[in-house]
Every structure is written in structure tokens, then in C-alpha cells.
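*Asks:* Please see the structure below; I have some questions.
What follows is calculated from the coordinates using simple rules that are stated; it is not laboratory data. All of these numbers come straight from a predicted model, not from anything done at the bench. With ideal geometry, Cβ positions are generated from the backbone for all residues, glycine too; neighbour counts draw on all protein chains shown.
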Amino acid sequence: MKKIGLFYSFHSVKTKQQAQKIIAALGAENIEEVNVEEADEATFKKYSNYILAVPTWFDGELPNYWDEFLPAVEDGSLKGKTFALYGGGDQKGYAENFVDGLGIMADFIEARAGKVIGFTSTEGYEFEGSKAARGDQFVGLALDIENQAALTGERIEAWTEQLKKEFK
């Protein structure tokens, strides 16, 4: 497996905890952590394989740091690059746009010819709508620490096992 760039906000406590579980499951030797709040275009483009932490903020928005970073790579191609996405949301408090950030990011990547892997089942979640849902799957790993914290560990474990097969 090629080195994976794991992009997340080092200042987000829950996202950082999830990142540490992902690193433990995939092996630290396979991952380079990058603080997305400090990333630049050159750092972003140096990888072929990515894991992006994309929590959903407010009523289905990307976090500010992603909104500020994405224009740097907006005009470029992501062809030949593979992305796995994970992020948190609140399926009860924001049932109409649960983990929308994952869907927004997947659309951004695919519009630039990037490949998104790591789809997971929507089974076991209760929500009204999500830009991250495609049929009966999410475009990445949906985590709900507010309502299903006890399931986070097993969901990350199953997802990382899947990624070991899907990342080349």
C-alpha cells in the first residue's frame, strides 16, 4: 500500500480521536498526518492515496478550513488519486442533512476525476436526508458521536479493513 495522506484538523478533538483509531488500524508506517488547516497545494498533491476527515458543520456545511483550502486545488485534476472520506454528523439534531459534508467533498473530488472509495452502508442510521447517501450507501464512513458513540470503534475497524483492500 502506498503512503496515505490523512488530512484532518489537528484542533478538532473528536476528529483527531477518530484519526488516531484509523492510524492504529492501518498502521502508522502507512500514514502521514497533515493538518488541513496548514496544508498547501503542494502538500496536498504529493499523495496518491488520501483519507480526508470531513465533519459536517451546522446545517450541512463543510468546516471553514475545507472551504478555505479547496479553492487551492479547485482548478486541478485529481485523476489517478484515490480518496477515502470519513466524518461526523448528528443524525437526530440534523436529520435533514446528516453528514452532508461527505457528499459535498465526494462531489468535489469526482468532478475533478478523483476516485472515492470506502463506501459504507446506511443501515443502522436514522436520518431524513443526506448528500452523502447514494442509494443504500454513504460515500464514506459516517460517524455519529452524539447518538452512536458506542459504535464508532467497530465502524472504524470494519472501514479500515475495507480500505486495506481498496487502496492500491
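*Asks:* Between residue 113 and residue 164, what length comes free when the chain is fully extended (0.36 nm per residue of separation minus the Cα-Cα distance, one decimal in nm)? Please report the intermediate quantities before stating the final value.
*Replies:* Values: separation 51, 0.36 × 51 = 18.36 nm, distance 2.18 nm.
In short, 16.2 nm is gained.
*Asks:* Which whole DSSP H helices in the chain pass both tests: a Cα extent of 30 Å or more along the axis and a mean Kyte-Doolittle value no lower than 1.0? Working shown, then result.
*Replies:* Working: long enough: none.
TM-like helix candidates: nothing returned.
*Asks:* A follow-up question, please. Just to be sure I understand the model, the point goes 7 Å from the Cα along the line to the Cβ. What's the resulting residue 20 to residue 136 distance in nm?
*Replies:* Using points 7 Å along Cα→Cβ, the separation is 3.6 nm.
*Asks:* In debye to the nearest 20, how big a dipole does segment 1-152 give about its Cα centre with +1 on each Lys and Arg Cβ and -1 on each Asp and Glu Cβ?
*Replies:* Numbers: 14 positive and 24 negative charges, 160 e Å.
Here the size comes out at about 780 debye.
*Asks:* Report the net charge of residues surrounding residue 146, where surrounding means a beta-carbon distance below 12 angstrom and charges are Lys +1, Arg +1, Asp -1, Glu -1.
*Replies:* 0
*Asks:* Now a separate question. May I ask you to list the aspartates and glutamates whose Cα is less than 20 Å away from that of residue 165, ignoring any residue fewer than eight positions away on the same chain?
*Replies:* Qualifying aspartates and glutamates at Cα under 20 Å: 29, 32, 154, 157.
*Asks:* Show which lysines lie in cross-link reach of residue 164 when reach means a straight Cα distance below 22 angstrom and same-chain residues fewer than eight apart are skipped.
*Replies:* Cα-Cα hits under 22 Å: 2, 3, 16, 21, 45, 46, 79, 81, 115.
*Asks:* With each run of n ≥ 4 DSSP H residues scored as -39500 (n - 2.57), what mean residue ellipticity at 222 nm is computed for the chain after dividing by its residue count and rounding to the nearest 500 deg cm²/dmol?
*Replies:* Details: 6 runs with 56 residues, N = 168.
Computed ellipticity for the chain at 222 nm equals -9500 deg cm²/dmol.
*Asks:* If you look at just the Cα atoms of the chain, how large are its Rg and its Dmax in Å?
*Replies:* My reading of the Cα-based Rg and Dmax gives 14.5, 40 Å.
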